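The structure appears right after this line, and notes come after that.
Bear in mind that the values in this text are calculations on the coordinates, not laboratory data. What you see is a predicted model; the values in this text were computed from it and never measured. Cβ coordinates were reconstructed from backbone atoms using ideal geometry, including for glycine residues, and neighbour counts include every protein chain displayed.
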Amino acid sequence: MRYLSAQPLYSLCDEQIIDACNLIDKCCSRIQTDDFDSDLDTLCIQTTRFEERIGDSASSDASSRVAHWVRYFTGCDSATDNQAHAAYVMACAVKALEALSEWMRSAEQDAFPPGWKVPDWPWDFHCDYVSSQASPDDRIDAIDLYTLFLEPITNLAGLRNDELTPLVAAAIKAAVRRKGGILSGKDRKIEMRERDRAIVNYALGLLKNGMSRRYVTTTVHRWFEREVTKPESERPGWATLEISKPLTRKRIEAILKQHNLL
């Protein structure tokens, strides 16, 4: 947890990392034993190794005997049902955590050109820069993998009554909610680009027709207000974003300056 929380992109998936680490801690507490000769020492390692086969076997088993298949594949015959269930939940949580860790590592690596020495920036600035370069699509893929590794826990009938399952369901729900926020942000950026393109094209038309630059901002702003207040059937597609909060004249001016039209 300490290592992951020190990564530049931690803030973009902090809730998911905390949820997975909490699950792992609860599983460890259930599995721990004072018997140093117990085969439980290798239970978690072997369960993680065979997690997929355990899940497949339990899902095709009429009795959904998760604990039986954990003991079968790991060879840890001394594990109780509760310990075996915890080992399986932990294996899924570990893989979910690895998906996020791998995304953070690769996204930070991709934020800088190959062979380029990473600048000695202040930490906050470094984090902001890496976050700004991270691909939303790759971030969504990482969250999808995270939920994919956790979902078997909620799908297996043998774990339905386990006290860990509601925690897993809550973690999945939080991840889906975060993914929705990323998608909404992507959609908003696309709509903003379309809106800005419409503003720039209208301003270019005015300039081509000989209008003085000093009048362009006011004219574009009035046109913009007319467009966003039209009936829905007549309103341009980019205007949907602006219904609740139309752009001010100052913001229109900033967009035009950004495109060197003023």
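Okay, here's what the table says:
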{"item": "From phi via Karplus (6.51, -1.76, 1.60), per-residue ³J(HN,Hα) for region 158-172 in Hz, x at Gly/Pro", "result": "x, 10, 4, 9, 6, 5, 7, 4, x, 5, 5, 4, 5, 5, 5"}
{"item": "Prolate/oblate/rounded label for region 187-258 (Cα gyration tensor, a/c 1.5)", "result": "prolate"}
{"item": "Vicinal HN-Hα couplings computed from phi for region 21-28 (Karplus, 6.51 cos²θ - 1.76 cosθ + 1.60; Hz; Gly/Pro x)", "result": "5, 5, 4, 4, 4, 5, 5, 4"}
{"item": "Computed label-point distance, nm, for sites residue 191 and residue 137 using a 7 Å Cα→Cβ extension", "result": "2.2"}
{"item": "Given 26/189; 189/250; 208/230; 189/257, the pairs whose alpha carbons are separated by over 31 Å", "result": "26/189"}
{"item": "Helix axis angle, 249-258 relative to the chain longest principal axis, alpha carbon, degrees", "result": "80"}
{"item": "Distance (nanometres) between label positions extended 7 Å along Cα→Cβ at residue 117 and residue 219", "result": "5.3"}
{"item": "Whether region 91-209 is rounded, prolate or oblate, judged on the alpha carbon gyration tensor where a/c under 1.5 counts as rounded", "result": "oblate"}
